[in-house]
1. Which of the following residues is part of a loop (DSSP other than H, G, I, E, B) and touching a residue at least 60 places away in the same chain (Cβ under 8 Å): G576, G614?
2. Is it true that some residue in segment 553-566 is surrounded by fewer than 20 Cβ atoms within 10 Å (Cβ to Cβ), of a type in the set (A, V, I, L, M) and in contact (Cβ under 8 Å) with a residue 24 or more places away in the chain?
3. Out of the residues in segment 476-532 meeting the condition of being β-branched (V, I, T) and outside any loop (DSSP other than H, G, I, E, B), tell me which one is surrounded by the fewest Cβ atoms within 10 Å (Cβ to Cβ).
4. State yes or no: is A197 part of a helix (DSSP H, G or I) and without any contact (Cβ under 8 Å) to a residue 40 or more places away in the chain?
5. Could you check segment 365-379 and list, in sequence order, the residues that are surrounded by 13 or more Cβ atoms within 10 Å (Cβ to Cβ) and without any contact (Cβ under 8 Å) to a residue 12 or more places away in the chain?
6. Looking at I585 and the list (1) over 18 Å from T434 (Cα atoms); (2) of a type in the set (A, V, I, L, M, F, W, C); (3) not in a helix (DSSP H, G or I), which single condition is not satisfied?
7. Answer yes or no as to whether A631 is closer than 19 Å to G441 by Cα and assigned to a helix (DSSP H, G or I).
8. Based on what the data block shows, is S204 in contact (Cβ under 8 Å) with a residue 60 or more places away in the chain and closer than 24 Å to A388 by Cβ?
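The values are calculated or read from the model by the stated rules, or taken from the named source; none is laboratory data. Please read these numbers as outputs of a predicted model, since none were measured by experiment. Methodologically, a virtual Cβ is constructed for each residue, glycine included, from the backbone with ideal geometry; neighbour enumeration extends over all protein chains shown.
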Amino acid sequence: MSETVDLSPFVRIFPDGIARLDLVVEGMTCAECIGDIEGALSRTPGITKARVNYTDRRLTVEWSGDQTNPGAIVEGLKDLGYAAHPFRGNIAEDAETRESKKLLRCLGMAGFAAMNIMLLSVSVWSGDVSGMDQETRDFLHWVSALIVLPAAAYAGRPFFASAFGALRRGGVNMDVPISLGIMLALGMSIVETHLHAQHAYFDSAIMLIFFLLTGRYLDHAMRRKTRSYAANLAALRAPTASRIDAGGEVTVVPAEVLAEGDVILCRAGDRISIDGVVLSGRSEIDEGLVTGETRRRHVGEGDLIHAGSQNFLGTLRVEVTHAIGNTSLDDMERLIDNALTARSRYMRLGDRAARMYAPVVHSAALLTASGWLWSGASAHDAIITAIAVLIITCPCALALAVPAVQVVASGALFRRGILLNSGDSIERLSEIDTVVFDKTGTLTLPHITVANLHEIDPDLMERAARLALSSHHPLARPVAACARLKRPFEDVSEEAGAGVRGGIQGQEMRLGSPTFCNLEAEAASAREADPEASLICFRHGEKTAILRVRQELRSDAARTISMLRRLGLHIAILSGDRAEPVTQIAKSLGITDAHACMKPTDKAAFLEELAARGHRVLMVGDGINDAPALACAHVSLSPITASDLAQNSANAVFLGDMLEPVVISITLSRRARAIMRQNLWLAVIYNLVAVPMAMAGYVTPLIAAAAMSGSSVLVTLNALRSGRLEARPGLASGERFPAEMVQP
């Protein structure tokens with residue numbers, strides 16, 4: 001691949017001389033593949049970092065200077081049995097879609113063959129009781145072979161390819177004993193049919209493939225929910241910029257060609273794609289998507305502005321200090337990427353159990369065959385007994401133990417308005433000991449309202465609301481929403497940055513800033529009473545009103561915090577907003593650990609410090625500025641009103657205006673994790689009982705297949721319990737979940 005494809009356009013060079021290449025890797029099937037890839041590349045001279053994100057199949061490789069040839073990396077992966085291509089969002093998504101369709105086709109083929117083969121097997125079993133003649137039994141066995149052999153060859157490809165790749169690399173994985181068991185069962189079934197034996201095991205082999213494909217498809221479906229977030233960050237940048245050359249000419253150029261020292265013109269309404277310093281002009285910029293600050297910031301000469309901000313009102317001349325690739329937005333993207341890559345290394349319960357599976361199964365089958373041969377048994381009997389051991393130890397129960405619980409618990413969470421983005425969300429949620437909330441849009445509602453609406457004369461409020469219908473200012477929207485008659489006044493004019501004015505009944509009306517309405521003294525008193533609110537003043541003749549506009553706490557915020565605290569969890573607030581509103585909300589909720597004016601990097605650093613002290617943190621946030629913290633946390637939740645980037649960085653999203661889904665998700669996840677452990681123990685106990693019997697020769701391959709299926713059914717039935725959320729006393733000192741939250 002390196003001989004035909006030039007990878008240099010996909011290599012990013014950073015100011016510190018580090019080169020980085022992102023590749024999408026095909027052929028990874030389990031956690032052991034991550035270790036193989038990272039281990040091999042880490043031993044390659046010159047490479048300083050190799051990390052795999054299993055969720056989106058992305059491999060990130062970093063090296064210093066020109067010490068490494070990008071093409072050699074791809075060739076090295078090819079030697080390991082993995083195909084690699086430059087990572088681009090659409091390519092990665094297409095690869096995931098193809099893999100999902102492939103698994104679904106294999107599952108459909110296995111299911112179709114299994115249904116038909118079981119009909120033939122029932123006929124054989126019935127014939128054994130009623131005295132079926134040998135010719136008829138052989139005919140049914142050969143028909144079974146005609147159905148199963150091509151179906152197994154097609155449906156078993158995911159396991160065969162993975163097993164072959166592992167053997168090529170000189171190792172084994174969970175798919176090696178699976179493939180060995182399938183091929184031995186099919187091969188021995190053909191031999192037994194040819195020898196006119198009473199039993200063949202075609203049904204065992206195809207049912208084994210079907211059960212295993214079911215678990216693998218469910219796991220793959222969970223991972224596909226996590227989507228690329230790079231496109232969401234790119235959407236914050238304007239594709240072009242107005243560059244001012246040395247002669248004062250303004251030229252529209254692609255934002256990517258801007259360099260440090262260039263001067264650009266930012267007009268009102270433009271989104272800023274670089275970091276820079278204002279050379280001239282005055283305006284207001286909205287940094288809410290980047291910093292979480294609820295108010296616009298006034299900027300003038302000498303002030304710094306950041307990529308992702310939006311300019312309002314005035315025109316600015318800005319000198320570029322950090323071009324695309326080195327802006328604060330790029331730093332945020334790298335921070336999210338590194339955090340998600342690190343989080344993907346978390347090994348789930350099923351993966352940890354599966355790592356021990358392959359060597360144990362191989363050892364048991366080899367000891368069985370050797371023991372029987374040593375005791376004088378024929379090669380036929382020794383192989384049949386070894387096949388029974390391979391089948392009875394087949395990891396159907398192990399493969400379903402965790403995915404079955406995930407599916408049931410995910411469905412239960414979905415019915416309660418909680419949507420999971422990743423397959424390990426449930427396990428992560430069950431492990432937390434700390435919950436960290438963002439303030440704006442998380443503890444508070446995402447939209448702003450008139451907080452003192454009930455204190456204002458309705459007729460006066462109606463006039464103010466109808467006047468607000470003619471304003472483009474964001475703070476006018478909650479006022480306009482209060483209008484009963486959605487008909488703006490005529491002959492209304494707006495003064496930028498001040499307010500709107502109009503006339504009715506021969507008297508002037510004004511809606512806007514305290515200065516515009518000549519209400520500075522009254523506004524000062526209102527600001528002292530409610531420092532968190534933004535003030536909008538209204539004057540109609542001698543009648544006046546001061547509207548306090550702010551975000552309201554979610555209605556169940558106090559109760560949710562109380563329930564979380566009584567679950568033994570520490571609560572904290574991290575906000576990019578000003579100290580006054582953060583302190584006021586923390587005080588009203590009884591939270592003592594509250595931090596204001598925090599940048600995205602500050603939030604991520606705070607969570608990393610908690611993790612270094614051994615805490616497992618749940619981060620709940622909604623803004624783009626929360627995305628690095630959401631990715632960095634052990635597990636994260638976002639409301640459905642959150643930005644796309646925040647939702648994609650979070651492990652789960654919850655619906656509605658209530659915070660109680662946070663409590664529901666933790667409680668249900670703890671229950672689900674307990675049932676996952678129960679299922680794994682059931683699988684272990686099943687093997688401890690069944691394997692010795694199979695090794696002793698008391699179990700035929702047919703009985704082994706039935707026992708294997710029975711263990712899978714038992715695990716699945718136990719998994720169904722994970723969807724129940726009991727409204728039991730003691731959750732929060734006698735509190736119960738509301739009935740609508742408890743019922744599925």
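1. Just one listed residue meets the conditions, G576.
2. Within segment 553-566, one or more residues are surrounded by fewer than 20 Cβ atoms within 10 Å (Cβ to Cβ), of a type in the set (A, V, I, L, M) and in contact (Cβ under 8 Å) with a residue 24 or more places away in the chain.
3. I504
4. no
5. L373, A377
6. For I585, the exception is condition (3).
7. Criteria met by A631.
8. The answer is yes for S204.
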